[in-house]
Amino acid sequence: MAAIFRRWLAECNLENICRVVKLQPHDPGLPRYEMVGDGINGEHHLKIHNTTLHDDADYQCQVGPADGHDPLRATGHLTVLLAPTSIELLGRGREEVIEVNEGEEITLECQVEDAKPVAMVRWYKNNEEIHLDSRVDVEKESSQRRRHTLVSKVTLRLTPADDGSHYACHAEHPALSQPIAASVKISVLYPPGPPMITGYTAGETIRAGEERTLSCRSRGGNPRPRVVWYRNNEIIDTTDRPIGAESVNEYKFIVDSADNGAVFTCEVRNKLTEKPLLASVKLEVQFPPDKVVVSGPTQSRVGENVTLTCVVENSNPPAEVSWVVDGQPRPEATTRRERAGPGGWHTVSRLELSVPAVDRDMMFTCHATNQALGETKVDTYMLSVLRPPLPPVLHGYSEGSGIRVGSQQRITCVSRGGNPPAHLQWYRDGQKIPSRKHSIDDVSSAEIEIVAEPQDNGAQYRCEAHNSAASSPVSVSTTLVVFFPPETVKISQSPRRLSAGSQAILTCESGPSNPAATITWFRGDYRMAGRLQETSSSLNGGTRVTNVLALNLTAADDGLTYSCQAKNTALQKDVTQSVTLHVNYAPTFLSEPPDVVDVVVGESEELNLTARANPGPVIYTWTRHGLPLPDPVIDDSWRDTYAQHPDMGGAGGSRVSAEGPLLYIRGVTVDDAGDYELEATNQEGATVAKVYLNVQYPPTIKYTSEMVTVSEGQDAHLECAADGNPLTEAMMAWRRDDYDFTKTEQIFGGKKATLTVLRANRNDTGVFTCEVNNSIGKVATANITLVVKTKPVVERSQLLDRAAAEKGKRGELRCLAEGAPDVSFSWKRDGLLLSNGARPDKYENETVRTGLVSWASTFYIRNVHEDDYGRYECIAENELGASTFTVRFIKPTRPDPPLSLKVVNTTHDTVTLAWKPGFDGGKTQYFRLRYRTKDSTSYQYLDVYEAGVSIYTVTDLSLNTEYYFSIMSH
C-alpha cells in the first residue's frame with residue numbers, strides 16, 4: 001500500500017537466473033516509473049514517484065526463461081490510502097458548550113468524511129474511552145470516487161455529576177500519523193443545595209464590641225447560585241465566592257447594642273430555583289450602659305440638703321447602680337428602671353443628704369455595673385462647698401538667703417483651700433505692688449518679679465489672701481537680703497617720704513558691701529598678708545572695711561606696685577586700686593656680682609656691674625691692690641699673652657681698665673689674675689663688690705714615663721703630669737684602641753694621672769696615650785710605651801709553612817715571631833745549624849724588627865739544587881725562652897685558592913671585593929673573578945693581572961639586582 005502522492009518501491013529478487021528481466025505494471029505511466037536495484041545479484045525493483053489514486057492497481061514482475069527453465073512471474077497489489085478530510089459533531093460547533101437540564105437526554109453524531117478505507121471512530125469522556133450500548137455507526141458513500149464517510153451516534157442521559165464533562169469522538173486511519181477529533185463540553189443545569197449558617201448558635205449570648213463572622217454555604221447548583229445576607233430584611237452583603245463545590249458568603253462585623261434581637265437571613269438562588277432558599281439566626285447581644293450622667297446643684301453651704309440624680313442609659317441586662325461620696329459608699333439611694341428603644345434598659349437613681357462640715361469640695365461618684373458582662377461605667381460630680389482660704393505660703397525665696405544685686409528674683413504667694421479661690425495682694429513696705437495671678441481649683445497664686453537693687457536689702461514684702469467666705473484676710477511676709485559688691489576702694493600711704501630700712505603703712509578702705517568685702521593685698525601677682533583694722537555699717541545695710549599693710553622697706557620695693565582688692569566673696573565680684581612706691585636707697589647692683597670671672601688667656605672680657613639707686617646719680621670706683629684702675633685707652637697695644645709684667649702700666653697702656661660700672665680686660669695674661677673691687681655710692685650710702693679674675697689657659701704635658709718594661713704578671717705603672725687651668729680629673733684620660741681598661745687602676749692627684757696595668761701579660765704590650773683636654777686650645781697628648789717581657793711566639797700560618805723556588809733560583813723562607821726583650825732567629829735542617837755564617841755563599845739569615853715586639857726573619861737559599869728541597873726549622877729565642885716553626889721548601893706548584901672573599905663597598909652600579917691570597921706556589925700569582933645575576937646561569941669573568949693586588953672593583957652593574965661572586969687564583 002502507498003499513500004497518494006508518495007514514492008512506492010516494488011522489490012523483485014531473483015536467484016540463479018542469468019537472463020534479462022522485465023518488471024511491468026498493469027498500466028504503467030512511464031515518466032514516474034523507475035527500475036532500480038542490483039541487476040548482477042538479480043535484484044530489480046520498481047520505484048513509483050508521486051503516487052496518485054490511479055496507481056491503485058496490480059503489478060507483475062516477469063522473468064524470461066533461461067536455458068532449461070520455464071518463464072517466471074509474480075504479482076503484487078498497490079493500495080493507495082486516503083486520510084479523512086474532516087471530522088465533526090453534527091449540529092454542534094467546535095468546542096461548543098451544551099447546556100442541558102438534569103435528567104434530559106441528548107444525542108451526539110460524529111461524522112468522518114472522505115476516507116479510503118473507512119475510518120475507525122472511538123468515543124471519549126474526559127479523555128477516557130467509553131463504550132456505550134446506545135452507539136450506532138452508519139457507513140455512507142462519499143460524493144468522491146472510491147472514498148467513504150462514517151457517522152457514529154451515541155445517546156446520553158445526563159446528571160449533575162456530568163456537569164463540566166468533555167465528550168469527544170476520535171477518528172483513526174492508517175494514513176494519519178495521529179487521530180483527529182471533535183469535542184463538546186456538557187453543562188448540566190440543576191438547583192443549589194439549602195443554605196447552612198455557621199458562626200452563631202441559637203441561644204448563644206455575645207458581647208457588644210466583639211468581632212463576629214457569619215458564614216453561609218450552599219453546595220452545588222449550576223449556574224453557580226448567588227448567596228446574599230439580609231439583616232432585618234435589608235441587604236447587607238452580596239460578596240459571595242466559590243470555594244470548591246460550594247458557594248460561600250462570609251459577613252464579618254463588630255457587634256453593637258443595635259444587633260440585639262436582629263434577624264440575619266441568608267438567601268440562596270439560581271435560575272432553576274422557583275423560590276429562594278433561606279436560613280436565619282436571631283442574635284442575643286449583651287452590652288454595658290451607653291453612658292452614666294450625674295446631675296445636681298453646683299455649690300452649697302455646710303448643713304444644706306442637696307439631691308443628686310444618676311441616669312444610666314441603655315444597658316442589657318439592666319445596670320445595677322451604687323453611690324460613693326468622698327470615697328464612702330452610700331446605699332440609701334432610690335432606683336427605678338424602664339425599657340429603652342434598641343432592646344436595652346434605662347436606670348435612674350436619686351441620692352439625698354445634708355452637706356457636712358468639710359474643708360474641701362465633695363465628690364459624688366455613680367457606679368453603673370452590668371453584672372453579666374462584669375463592666376462598670378462611672379460618672380463623677382463635684383459639689384462646691386464654700387470655705388475661707390488657708391494662710392498663704394511663699395515660694396521662690398528662703399528667708400535670710402541673699403540674692404545678687406541686678407538679678408531677677410521671683411517670689412510666688414500660694415493660698416490653698418479657699419472656695420471660691422482666694423484673692424491675693426502683694427505689698428512692699430506697706431505699699432501695694434502689681435503681681436501675676438493664677439487660680440487652679442482651690443489653689444490661688446500671685447507672683448512678683450524683683451530686679452534686686454541695694455535699696456531692696458532689708459525691704460519687707462507681704463502677701464494677703466481673702467475671699468467672700470472669710471471674715472478677714474490672712475497674710476505672710478518676708479524680708480529680702482540683697483548682696484551687693486563695693487563700688488569703690490581707696491589706698492592711703494604713711495609716711496609720705498619712704499626710705500630703705502624704714503617701715504611704710506598702706507591703708508585700704510572699701511565702699512559699702514553686703515556681705516562685708518574681703519580685702520586682699522598684692523605685690524604684682526604675689527599675695528601679701530594685711531591686717532583687718534575696722535568694719536562699720538553703711539547705706540542700705542552695707543558694711544565698710546578698713547585693712548592695713550605694714551612694709552619693711554628695701555631697695556627692691558622702689559617702683560613696685562601694691563594693689564588692694566576689695567572682694568564680695570558671695571558674688572565673686574571685686575574692685576581694685578593700686579599704688580606705686582618711691583623708696584630712697586643706697587646703690588644696689590642690678591645683678592649679683594660674680595665671685596669669679598673666668599677669662600681665657602689672650603682673650604678679652606667686659607664686666608658690667610651697673611647698680612641702681614634712689615636718688616641718683618651713682619658714682620663708681622674700681623681698684624686693685626688699693627689702687628684705682630686707669631681709664632680705657634682707645635688705641636691700646638696688646639702685648640705677649642704669657643709675658644710677666646708686675647705693673648699694669650706701659651707704653652701701650654693698660655690691659656685692665658675701668659669706666660663707670662664697666663671693667664675692660666683686653667688680651668689678658670696670667671699676671672692679670674687676681675681680686676678687683678668696685679665701690680658704688682650715692683647720697684644714701686655706698687655698696688662694694690669684689691670680683692676675682694680667673695685666667696684660664698690650655699693644657700700642656702710636663703712629664704711622662706715614656707717607656708715602661710715589666711715582666712709578665714707584674715703591675716705596670718704609667719705616669720703623666722700636666723699643667724693647665726682648669727685641670728680636673730675628668731680632663732685627663734688614658735687612650736688605647738681596642739683595649740680593655742677594666743683590669744687597670746687610674747689615680748689623679750696634683751695634676752698628675754697614673755695608670756696601673758694589673759698583672760700585665762703579653763697582650764698588654766703596646767702604646768698608651770695620655771690625653772689632656774680642658775676645652776681651651778688644643779688637646780695635649782703624649783705616648784707611653786708598655787713592654788711586657790715574654791718568650792718568643794712564632795706565627796703559625798699556612799702562608800708561611802711552605803716556600804717554593806725553581807732550581808738554580810734563590811729560595812726565600814720566612815719566619816715571624818713576637819717577644820720581648822729582643823728576639824733572635826736561627827735556622828736548622830736535620831739538626832744542622834745553617835745560619836751560623838759558615839756558608840755565606842749558600843745561606844743568609846736576615847732579621848728585622850717589624851713592630852714594638854714583632855720580628856721577622858728571612859732565610860735565603862742561593863742557587864737551589866734538588867737536594868735543597870725539604871724541611872727547615874726556624875728557632876726564635878730571647879732570654880726568656882725559644883719557639884720553633886717548620887717550613888717545607890718545595891718545587892713550584894699551583895697556587896692555593898684565596899682564603900676568603902668579602903664585599904667591602906657598594907655603589908649604585910659597582911661592588912668592591914677584597915680577598916686574602918693563599919700560598920702562591922713559589923711564583924707570582926694572579927686572580928680571576930667571575931659573577932652572575934641571581935636569575936642567570938651564565939657567568940662573566942674579570943682577570944686581575946696586577947701582582948700583589950687583593951682588592952678589586954667590579955663596575956657597570958645593574959641597580960636593584962642580586963649578584964653571585966667567586967674567585968680563583970692562577
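The values are calculated or read from the model by the stated rules, or taken from the named source; none is laboratory data. Owing to the predicted nature of the structure, the values given are computational and were not obtained by experimental measurement. Here Cβ is always computed from backbone atoms with ideal geometry, including for glycine, and neighbour counts include all displayed protein chains.
Within the stretch 757-768, which residues are touching an Asp or Glu at 6+ places or on another chain (Cβ under 8 Å) and surrounded by 15 or more Cβ atoms within 10 Å (Cβ to Cβ)?
Once the filter is applied, which keeps residues that are touching an Asp or Glu at 6+ places or on another chain (Cβ under 8 Å) and surrounded by 15 or more Cβ atoms within 10 Å (Cβ to Cβ), the stretch 757-768 yields Val757, Ala760, Arg762.
State which residue is surrounded by the most Cβ atoms within 10 Å (Cβ to Cβ) when the search covers only the stretch 110-139 and only residues that are in contact with a Cys (Cβ under 9 Å, 6 or more places away or on another chain) and over 30 Å from Asp56 (Cβ atoms).
The residue in question is Trp123.
Do any residues in the stretch 151-175 that are under 19 Å from Leu90 (Cα atoms) have Cβ atoms under 9 Å from those of residues that are assigned to a helix (DSSP H, G or I), where the two are at least six apart or on different chains, and which pairs are they?
Here the result reads Leu156/Asp162, each pair linking the stretch 151-175 to a residue that is assigned to a helix (DSSP H, G or I).
Report the residue count in the stretch 104-134 for those that are part of a loop (DSSP other than H, G, I, E, B), touching a Ser or Thr at 6+ places or on another chain (Cβ under 7 Å) and at positive phi.
Looking only at that region, the number is 1.
Would a scan of the stretch 62-69 turn up a residue that is farther than 30 Å from His173 by Cβ, surrounded by fewer than 13 Cβ atoms within 10 Å (Cβ to Cβ) and either at pLDDT 85 or above or β-branched (Val, Ile, Thr) (or both)?
no
So which residues in the stretch 473-489 are crowded, with 20+ Cβ neighbours inside 10 Å and assigned to a loop (DSSP other than H, G, I, E, B), if there are any at all?
Leu480, Pro485, Pro486
For residues that are among the aliphatic types (A, V, I, L, M) and either touching a Pro at 6+ places or on another chain (Cβ under 7 Å) or not assigned by TED's automatic domain parsing to the domain that holds Tyr926 (or both), scanning just the stretch 950-970, find the one that is surrounded by the fewest Cβ atoms within 10 Å (Cβ to Cβ).
The selected residue is Met968.
Assess whether Ser280 counts as being among the hydroxyl-bearing types (Ser, Thr, Tyr) and surrounded by 18 or more Cβ atoms within 10 Å (Cβ to Cβ).
no
Please go through the stretch 297-327 and pick out each residue that is more than 11 Å from Ser349 (Cβ to Cβ) and among the hydrophobic types (A, V, I, L, M, F, W, C).
Answer for the stretch 297-327, where residues must be more than 11 Å from Ser349 (Cβ to Cβ) and among the hydrophobic types (A, V, I, L, M, F, W, C): Val302, Val306, Val324, Val325.
Hand me the list of strands (runs of 3 or more DSSP E) wholly inside the stretch 516-582 holding 1 or more residues that are loosely packed, with under 14 Cβ neighbours inside 10 Å.
Answer list for the stretch 516-582: 526-528, 531-537, 543-552, 561-568, 573-580.
What about Leu539, is it closer than 30 Å to Gly685 by Cβ and of a type outside the set (D, E, K, R)?
Details: closer than 30 Å to Gly685 by Cβ: no; of a type outside the set (D, E, K, R): yes.
When the stated conditions are applied, Leu539 does not pass them.
Taking the residues in the stretch 315-346 that are part of a strand (DSSP E or B), of a type outside the set (D, E, K, R) and touching a Pro at 6+ places or on another chain (Cβ under 6 Å) as candidates, determine which candidate is surrounded by the fewest Cβ atoms within 10 Å (Cβ to Cβ).
Result: Trp345.
Based on this model, can you work out whether Val489 counts as closer than 26 Å to Ser407 by Cα and more than 57 Å from the chain's Cα centre (by Cα)?
On the way: closer than 26 Å to Ser407 by Cα: yes; more than 57 Å from the chain's Cα centre (by Cα): yes.
It is true that Val489 is closer than 26 Å to Ser407 by Cα and more than 57 Å from the chain's Cα centre (by Cα).
Report, by residue number, each residue of the stretch 135-164 that is over 30 Å from Asp55 (Cα atoms), modelled with pLDDT under 90 and assigned to a loop (DSSP other than H, G, I, E, B).
Matches in the stretch 135-164: Leu158, Thr159, Asp163, Gly164.
Residues that are surrounded by fewer than 18 Cβ atoms within 10 Å (Cβ to Cβ) and more than 30 Å from Ala459 (Cα to Cα): does the stretch 388-395 have at least one?
Pass one, the stretch 388-395, residues surrounded by fewer than 18 Cβ atoms within 10 Å (Cβ to Cβ): 390-391, 393-395.
Those still in the list that are more than 30 Å from Ala459 (Cα to Cα) too: none.
Within the stretch 388-395, none of the residues are surrounded by fewer than 18 Cβ atoms within 10 Å (Cβ to Cβ) and more than 30 Å from Ala459 (Cα to Cα).
List the number of the failed condition for Gly91; all other conditions in (1) at pLDDT below 80; (2) over 30 Å from Ala182 (Cβ atoms) hold.
Among (1) at pLDDT below 80; (2) over 30 Å from Ala182 (Cβ atoms), Gly91 violates only (2).
Taking the stretch 442-472 as the search range and keeping residues that are without any contact (Cβ under 8 Å) to a residue 40 or more places away in the chain and assigned to a loop (DSSP other than H, G, I, E, B), which one is surrounded by the fewest Cβ atoms within 10 Å (Cβ to Cβ)?
Here the answer is Ser472.
Do we find a residue being among the aliphatic types (A, V, I, L, M), touching a Pro at 6+ places or on another chain (Cβ under 8 Å) and not assigned by TED's automatic domain parsing to the domain that holds Ala516 anywhere in the stretch 439-447? If you could, list the steps in order and put the result at the bottom.
Just the residues of the stretch 439-447 that are among the aliphatic types (A, V, I, L, M), to begin with: 440, 443, 446.
Within this subset, residues satisfying the condition of being touching a Pro at 6+ places or on another chain (Cβ under 8 Å) are 443.
Filter once more, keeping what is not assigned by TED's automatic domain parsing to the domain that holds Ala516: 443.
Scanning the stretch 439-447, I find at least one residue that is among the aliphatic types (A, V, I, L, M), touching a Pro at 6+ places or on another chain (Cβ under 8 Å) and not assigned by TED's automatic domain parsing to the domain that holds Ala516, so the answer is yes.
Scanning for something of a type in the set (Phe, Trp, Tyr), outside any loop (DSSP other than H, G, I, E, B) and under 60 Å from the mean Cα position of the chain (by Cα), does the stretch 585-599 turn up at least one residue?
Checked the stretch 585-599: no residue is of a type in the set (Phe, Trp, Tyr), outside any loop (DSSP other than H, G, I, E, B) and under 60 Å from the mean Cα position of the chain (by Cα).
Scan (1) surrounded by fewer than 20 Cβ atoms within 10 Å (Cβ to Cβ); (2) under 18 Å from Thr576 (Cβ atoms); (3) over 60 Å from the mean Cα position of the chain (by Cα); (4) not hydrophobic (A, V, I, L, M, F, W, C) for the single condition Pro512 breaks and write down its number.
(1)
Identify, by number, the condition in (1) surrounded by fewer than 19 Cβ atoms within 10 Å (Cβ to Cβ); (2) farther than 18 Å from Lys252 by Cα; (3) not aromatic (Phe, Trp, Tyr) that Arg231 doesn't meet.
(2)
Quick check on my filter: what residues within the stretch 353-387 are modelled with pLDDT under 85 and either within 30 Å of Ala459 (Cα to Cα) or part of a strand (DSSP E or B) (or both)?
Within the stretch 353-387, Ser384, Val385, Arg387 qualify.
Just checking, does the stretch 91-103 include any residue being assigned to a strand (DSSP E or B), without any contact (Cβ under 8 Å) to a residue 40 or more places away in the chain and surrounded by 13 or more Cβ atoms within 10 Å (Cβ to Cβ)?
No, the stretch 91-103 contains no residue that is assigned to a strand (DSSP E or B), without any contact (Cβ under 8 Å) to a residue 40 or more places away in the chain and surrounded by 13 or more Cβ atoms within 10 Å (Cβ to Cβ).
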